[in-house]
Amino acid sequence: MATIAPPTPPALPQPQIDLDALIKEARERRRRRRQRIALVLVAVAAACACLAYGFARLGGDGVGTQHVRGGPVVNVGAFRGHGRLAFVSHRVLWVLDGEHGKLRRLPSSGGFVPTRPAFSRDGRWMAYLAQRIDPNTGTARARLWLAHGDGTDPRVIGDVSPFDLYGWSPRNDTLAVAAGPEQTRRPCPCYSPTTLRLVTPNGSSRVLVRGPWINGAAWSPDGREIAVAVEGPLERSVIATYPVAGGAPTVWLRFTRHVPLNGMTQILTSVAGWWRGVGIGFWAVGNGMVRNLDQTPLDVVAAPNARPRLLAQTLSDGTTTAVAAAARGVAVAVVADVSRGYEGGREIWSEKQVQVCPPAAPCRGLVSRASKVTLDPAWSADGRTLAFVEAPALRDAAWPQQRLHRWYAEHMLALYDARSGHVTTLPRARGATVPAWAPDGKSLLYVSGDGLWLLPSLTGRPVEIATPLFPPNNWPAYYGQIAWTAQFAWWAK
């Protein structure tokens, strides 16, 4: 029987291949794939750029940086292990706790602006003033705030009408405050403090000194006494020391109307400091003046009733750092006005020279070049090294923002070795202003530009810790002077 083969299925129609369409589709797939790769590369590049920006700006690894919306940029990670830092940024006070890596904002309300933060000797407490200027009278009102050193539990000390802070005791947690009631009956100086009060962290206070006008005070090196300048009736000026534990004061100097000093009479005094092995330093104005914004004689008296010794002519308005002393009493450093024919006056960039003044020898300058001024002296705790700033000398009284920024950016940090007499500069710390030492003498904090920078070691790389301090293009300057140290305080172990 013949086998019949199954019928052959009909052939399926073959699709018509459009080569142009295939080529177009392949090109489209390649284009989309390239776009995806490009987007990934852009994202990676952007991330790397952000990291690189962070590294460049912070000078470190960028770990732990906080960008506060409407506030500062703070490198919390780079400050770990370096103590506590209080700083004012855009009229707000912040505390950076380097022990626990915490950044805290402290309160101030009602138009009051924080200023003058200060840590206690052990770093457990912090004080600051909050000030408000009356737009109608131009007079300032202030509140005293206390907080823990890490910025927690801030509170107003309501029963104190503060005028100025004279710092924490070097012995214990006691704060010296110039306070009211303010003097308003005498024609001038108007609104002068009439009491010196001692305030403790629990908020209690007591009056140590009363007078018609409290005009400056300073703790003794051991914290057992306070030197106070009191302007009294009949144009009498007295500098006396008051035991903190109580007891009768000891008069060091007394000036009446006709007693001369530095070629002047009608002497008014203002305490500048009390320095171990040196004595009590004070500024003196006279001939009917109550203060001097330009040059003021800075004298020192070594013991009660000793003859005062003139150190230098300096600025005395308190805006800039005019005098610094080592804790161990090696020498005093002053910013002297060395005008010769041309008055340097209150211009911070003209005729200013850092001089070192041993206890019983004339002062001598460290850098004597007409093209330079030297400023901002700061002794290390052991008294072996003096940090200071070199800057270009200028003769122009104008201080627009652009000039300020340019001049401060040209500052150079220098170190003077008290044993060898050598001066060296630290080129990595360009732009440094108002340097402050850690107690171990191994690191420095300073202002540069509009930020605070840490130099972890004298041979290390600077790291920007916090910025900005002021609103953009609004550095508050007067004849080039800026109250940088009213913007920050540093406590380090």
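Every number in this text was worked out from the coordinates using simple rules, so none of it is lab data. These numbers were taken from a predicted model, which means no experiment stands behind them. Ideal geometry is used to build each Cβ from the backbone, glycine not excepted, and the neighbour counts take in all protein chains shown.
Could you list the residues of the range 216-259 with an amide nitrogen less than 19 Å from a label point located 7 Å from the Cα of Thr200 in the Cα-to-C-beta direction?
Only 223-226, 243-247 fall inside the zone, counting backbone N under 19 Å.
Applying the Karplus parametrisation 6.51 cos²θ - 1.76 cosθ + 1.60 with θ = phi - 60° to the phi angles of the range 281-294, what ³J(HN,Hα) value in whole Hz is obtained for each residue in order, glycine and proline being reported as x?
x, 8, 8, 10, 10, x, 6, x, 7, 9, 6, 9, 7, 9
Which order results if Ser339, Ser205, Ser270 are arranged by neighbouring Cβ count within 10 Å, fewest first? Let's see the in-between values first.
On the way: Ser339 15, Ser205 19, Ser270 22.
Final ranking by Cβ density, sparse to dense: Ser339, Ser205, Ser270.
Calculate one ³J(HN,Hα) per residue across the range 475-483 by plugging θ = phi - 60° into the Karplus curve 6.51 cos²θ - 1.76 cosθ + 1.60, and present them in order as whole Hz with x for glycine and proline.
Once θ is set to phi - 60°, the couplings for the range 475-483 become 6, x, 10, 9, 6, x, 7, 10, 7 Hz.
Pull out the extension gain between Asn287 and Ser339, defined as 0.36 nm times the separation in residues minus the alpha carbon to alpha carbon distance; nm, one decimal. Provide the component values of the computation, followed by the final result.
On the way: separation 52, 0.36 × 52 = 18.72 nm, distance 2.15 nm.
Extra length from Asn287 to Ser339 when fully extended: 16.6 nm.
Could you list Asp396, Asp376 so that the one with the fewest beta carbons within 10 Å of its beta carbon is first and the one with the most is last?
Asp396, Asp376
What's the local net charge at Ser169, with K and R +1, D and E -1, over the other residues with C-beta under 14 Å away?
Counting the neighbours of Ser169, the net charge comes to +2.
May I ask you to compute the full-extension gain from Ile133 to His67, defined as 0.36 nm times their residue separation minus their alpha-carbon distance, rounded to one decimal in nm?
Once the chain is fully extended between Ile133 and His67, it gains 20.7 nm.
Taking 0.36 nm per residue of sequence separation and subtracting the Cα-Cα distance, how much length would be gained by fully extending the chain between His405 and Arg124, in nm to one decimal?
Length gained between His405 and Arg124: 97.6 nm.
Could you put Met126, Met412 in order, starting from the residue whose Cβ has the fewest other Cβ atoms within 10 Å?
Least to most surrounded, the residues fall as Met412, Met126.
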